[in-house]
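Participant: I am attaching a structure below and will ask some questions about it afterwards.
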Amino acid sequence: MKKLPIGIQTFSEIITENYLYVDKTKEITELLQGGKYLFLSRPRRFGKSLLISTLSEIFSGNQELFQGLYIYDKIDWQSYPVIIIDFNKISYTNDEVFKTSLLSFLDEIATTYDIVLSKSFIKDKFGELIEKISKKTQKKVVVLIDEYDKPIVEHIDDIEKATKNREIMRDFFGILKSSDPFLRFVFLTGVSKFSRVSIFSELNNVRDITFSRQFATLCGYTQKELETYFESYIHNLGSVLEIKKPVLLTKIKTWYNGYSWNAKDTLYNPFSILNLFMEQRFSNYWFATGTPTFLMKLIKNTELDTIQFENKKVPETIFDGYNLENLNVFALLFQTGYLTITDIDSEDLFIEYTLNYPNLEVKQAFTTYLFTAFTNNRLDEIQPATKKLRIFLQNDDIEGFINLIRALFAKIPYNLHIKKEAYYHSLFYMVAVLMGVEIDLEILTDKGRIDGVLEFDNKIYLIEFKYAEKGTKMDSLTNKAIAQIKDKNYGERFLNDLRQRVYLGVGILGKEIGYQIEKV
């Protein structure tokens, strides 16, 4: 078996050192015909840097590296000077450091071509570099830019720093359009598309291929690629875990598949898959590489109901680019990989997208961090607690279930309490997700709305939440919750279901939690 290329983003090393390479050169061949200025947005750890490295080898004319791959005899191989600007290698702790580091980086590139740059300003020096390389080599220059938005994204919780870095980038990228006579191809990658950055305003001839159907599978692994390239690893994993192949493939798909940019082709994040086969166990690999602390803070500050993160419908305009002064949470969640596109409604005049969690890995891990942010419970406390909660419900121990809920909610600092019913809906929803229980919140029936449905193999809980700050009694709240379930005939849609139905009315009075149950 070929070695797994975990953490290796250099194409030549993967090929020469016998690492496994999933052949994406068919899509790359089409990419080369897709325009002169291209931009692709994908989440972190999705193969963007490897794509940049692969393009560099293609434009350097290194055909021998591609023997056995689709592109080998499909293009006219020529050699061009290539400038790779990797913002992972440039310092940007503040605007002055960013300027100095960027200027130094340009000088280093010039040195490799035995060129001396005389300009002092970033924009001028970048233009000078492109022109002098072109004239010296008598060829047009290829510019490949990796993680263009890193200096902004890394300071997204510090608007002042991010804005200053954005201004530097505006100058830097602004020269590309006027350098057109000396350029053969320009390709940029990043996580996000920010509005009001010159790369997408002054450089108005760039083609954004993020949502292009033609390039939907350019980064990431398809189901076919998983089963073809990793066949031996799938066999070994099944042997180790003692799981038959069809069941194992379903579990892998549930855990890691689901990313999509066209609501048709679904993809695996390469980092998660490579680590799954290396470690031979299911875990949160991709999520663990970047804790979304800022997103948690933003969600909490905007008082979003976290139930909205499933089946969220958004207009196409939120993907056009967002600005630092008015961040859109759902645009951020999508572009950073925590939500993905599961449906596109293009029947009306305006296109509407439906967003959801891509898979179990992201849903469970993201919900865990959300619950921590909303309640101040420690991460190491949550998983054992949710396991106990599941056991309580399976054993009909409602008192034990509510008592543990009380203990978890008791750690919410006073200033975090949001006096809204939706806040507690969110908390119970997060608890259910972490328990691994099938949950369907805000179900619409023909008689009303069910607040929550928890489904087990042998029983179904129909839940109604009632919240009051003061001026009422707990019994009144829980009675009202049970009465609503009955009055609206919420259980009617389950009449043909043989599982036992349990009505659970939950009352939240300030910080006090009470309940009432009825079994049907």
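Participant: Determine if the range 188-208 includes at least one residue that is small (Gly, Ala, Ser), at pLDDT below 95 and either open to solvent by 10 Å² or more (accessible area, probe 1.4 Å) or more than 26 Å from Leu327 (Cβ to Cβ) (or both).
Facilitator: Among the residues of the range 188-208, at least one is small (Gly, Ala, Ser), at pLDDT below 95 and either open to solvent by 10 Å² or more (accessible area, probe 1.4 Å) or more than 26 Å from Leu327 (Cβ to Cβ) (or both), which makes the answer yes.
Participant: While we're looking at this one, here's another question. Looking at the structure I just gave you, is Leu176 within 30 Å of Gly34 (Cβ to Cβ), under 25 Å from the mean Cα position of the chain (by Cα) and among the hydrophobic types (A, V, I, L, M, F, W, C)?
Facilitator: no
Participant: Give Leu434, Leu462, Leu444 a once-over and let me know the one that is among the hydrophobic types (A, V, I, L, M, F, W, C), touching a helix residue (DSSP H, G or I) at 6+ places or on another chain (Cβ under 7 Å) and either at pLDDT below 85 or open to solvent by 10 Å² or more (accessible area, probe 1.4 Å) (or both).
Facilitator: The match here is Leu434.
Participant: If you take the residues in the range 41-66 that are of a type in the set (Phe, Trp, Tyr) and closer than 14 Å to Ile28 by Cα, which one is surrounded by the most Cβ atoms within 10 Å (Cβ to Cβ)?
Facilitator: The selected residue is Phe66.
Participant: Any residue that is modelled with pLDDT of 85 or more, assigned to a helix (DSSP H, G or I) and open to solvent by 10 Å² or more (accessible area, probe 1.4 Å) - is there at least one of those in the range 489-506?
Facilitator: The answer is yes, given that some residue of the range 489-506 is modelled with pLDDT of 85 or more, assigned to a helix (DSSP H, G or I) and open to solvent by 10 Å² or more (accessible area, probe 1.4 Å).
Let's see how each residue does on (1) touching a strand residue (DSSP E or B) at 6+ places or on another chain (Cβ under 9 Å); (2) closer than 16 Å to Ser56 by Cα:
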site	(1), (2)
Ser91	no, no
Asn94	no, no
Phe105	yes, no
Val116	no, no
Ser120	no, no
Glu131	yes, no
Leu144	yes, yes
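Participant: Out of the residues in the range 277-301 that are closer than 17 Å to Ile8 by Cβ and in contact with a Leu (Cβ under 8 Å, 6 or more places away or on another chain), which is surrounded by the most Cβ atoms within 10 Å (Cβ to Cβ)?
Facilitator: Per the stated criteria, the residue is Tyr285.
Participant: Answer yes or no as to whether Asn236 is under 30 Å from Glu30 (Cα atoms), open to solvent by 10 Å² or more (accessible area, probe 1.4 Å) and over 19 Å from the mean Cα position of the chain (by Cα).
Facilitator: Against the criterion (under 30 Å from Glu30 (Cα atoms), open to solvent by 10 Å² or more (accessible area, probe 1.4 Å) and over 19 Å from the mean Cα position of the chain (by Cα)), Asn236 does not qualify.
Participant: Same structure, new question: Out of (1) part of a helix (DSSP H, G or I); (2) in contact (Cβ under 8 Å) with a residue 24 or more places away in the chain; (3) within 30 Å of Tyr268 (Cα to Cα), what's the single condition that is false for Asp380?
Facilitator: For Asp380, the exception is condition (2).
Participant: Inside the range 348-367, can you point out the residues that are among the polar types (S, T, N, Q) and either over 18 Å from Val437 (Cα atoms) or open to solvent by less than 30 Å² (accessible area, probe 1.4 Å) (or both)?
Facilitator: Residues satisfying the conditions are Thr354, Asn356, Asn359, Thr367.
Participant: What residue, among those in the range 263-315 that are over 30 Å from Arg213 (Cβ atoms) and in contact with a Lys or Arg (Cβ under 9 Å, 6 or more places away or on another chain), is modelled with the lowest pLDDT?
Facilitator: Glu303
Participant: If the requirement is being in contact (Cβ under 8 Å) with a residue 12 or more places away in the chain, outside any helix (DSSP H, G or I) and under 38 Å from the mean Cα position of the chain (by Cα), which of these qualifies: Glu518, Glu464?
Facilitator: One residue alone meets the criteria, Glu464.
The values are calculated or read from the model by the stated rules, or taken from the named source; none is laboratory data. From a predicted model like this one, the values you see are computed outputs, not experimental measurements. Virtual Cβ from ideal backbone geometry, glycine too; neighbours counted across all protein chains shown. For accessibility, only protein heavy atoms count, side chains too; no ligands or nucleic acids. Shrake-Rupley method; radii C 1.70, N 1.55, O 1.52, S 1.80 Å.
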